[in-house]
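The values are calculated or read from the model by the stated rules, or taken from the named source; none is laboratory data. Quick caveat, the model's predicted, so the values are computed rather than measured. Only protein heavy atoms, including side chains, enter the accessible area calculation; ligands, DNA and RNA are left aside. Shrake-Rupley method; radii C 1.70, N 1.55, O 1.52, S 1.80 Å.
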Amino acid sequence: MSRPCALHVTVAQLVICFVLVPMVAGPAPALDIYDQEGRRVRTLLSDEVQSAGPRAVWWDGRVARGRPMASGSYLYRFRSEELVTTKRMILLK
């Protein structure tokens with residue numbers, strides 16, 4: 001089972017850690033960032049094949065085009081074959 005394991009916060013950067021287990025078949029994991037209105041502002045992991053084990057993904061607080069986001073509350077959504085979870089996080093600058 002894939003599962004998020006931690007959220008680490010540093011100044012203007014968020015690190016989302018998770019553990020992947022071996023998959024027999026199915027879609028690769030995906031990780032998206034959303035604002036409070038539910039708009040996707042960044043895709044950090046997009047159906048890329050990943051090997052099993054612990055992983056960490058960094059978000060620098062920017063949208064896909066490079067514009068910095070304001071400090072505030074955001075959501076991250078982790079999707080894998082076995083799990084879909086959404087968690088709240090705070091970006092501080």
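Compute, for E48, the solvent-accessible surface of its heavy atoms (probe 1.4 Å) with the complete set of protein chains present, and express it in square angstrom to the nearest 10.
So the heavy atoms of E48 present about 90 Å² to solvent.
Rounded to two decimals, what is the ratio between the C-alpha radius of gyration of segment 38-93 and 2.2 N^0.38 Å?
Compared with the compact-globule rule of thumb, segment 38-93 sits at 1.23.
Rank these by accessible area, largest first, 1.4 Å probe: T43, T85.
T43, T85
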